[in-house]
């Protein structure tokens, strides 16, 4: 049995815990969340589907002190920012516990945040642990999966990835990340502040380029609001016609003025059709599409869980999905 300490018990952490509870090979033995209102409560106080035997702590030190056996691995579902994640990783690393995190900026930070990447890699090697950033996107659909698909190509000239999704069924924090339900002026202000965007698109570009040995010398990114064409009502939002209901982001990667990688991300409440599409131009050229798309919340929790064995077997240091080995389904 593999013992897991979960750090972060918001919607994604709770969903992850529910999935773990259904598995035979793994189990959650400790939970940490900085929310003071959760301290001392059991998992079942947050969700009736979870155990009433595990108490939520506010620090990793407290949680580990309450255990008779050290956890085998930590799953961190807290923040999107690598800078904010670093102290959380430091807190876990000093106990010699390998780490999987859904932090988007951790998926491939080497190009955009090289100093933090080196700091993290050094920290992990010092404590002899592996650390992986993963998720549905970044971490799989727009980077790892297309990289794997190029394995059948003799040559690759250009790759285009499109992810279009109806965000109606996503968790509320995700809907907030894409600016659904706020005023257009507030949307633009948050974009200028860098607090409203799908985090990880450039990380996906650099991951894909590096994985297939493609040199890119310029990466551009554009972001625009998607405006509701009609009134939209969800369990948590009431969006009027003319207000933002989501976001559209486009990242283009060039090699000497030639477009080599294009990533199109669109997520909005009420999107008519969801799909994930990969188009590879080369020899051979082909298109692969997942009709209906992959549900991001389910897939992110699942890939974090299914990466556990690969991370436990990986060498010490900061890893990507391309370096840990192929994740396998955990029963």
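None of the figures in this text is laboratory data; all of them are computed from the coordinates on show. Since we're looking at a predicted model, the values are computed, not measured. No Cβ is skipped: glycine too gets one built from the backbone with ideal geometry, and neighbour counts run over all protein chains shown.
Observations, loosely collected:
- FRET E, pair residue 51, residue 172, Förster distance 30 Å, beta-carbon r, rounded to 0.05: 0.80
- Residues 207, 286, arranged from fewest to most other Cβ atoms within 10 angstrom of their Cβ, appear as 286, 207.
- Here the gap between residue 42 and residue 151, fully extended at 0.36 nm per residue and compared with their Cα-Cα distance, gives a gain of 34.6 nm.
- Taking a point 7 Å from the Cα of residue 3 along the Cα-to-Cβ direction, the residues of the range 66-108 with backbone N closer than 18 Å to it are 66-76, 92-100.
- Sites residue 272 and residue 193, calculated FRET efficiency, Cβ-Cβ separation with R0 30 Å, nearest 0.05: 0.50
- Once the Cβ-Cβ distance of residue 184 and residue 68 is raised to the sixth power relative to R0 = 45 Å, the FRET efficiency obtained is 0.25.
- Percent of beta bridges antiparallel (DSSP, the chain, rounded to nearest 5): 55 percent
- By average C-beta atoms within 10 angstrom, highest first, the peptides 318-327, 221-230: 318-327, 221-230
- Between residue 217 and residue 118, the simple label model (points 7 Å from Cα in the Cβ direction) yields a spacing of 2.4 nm.
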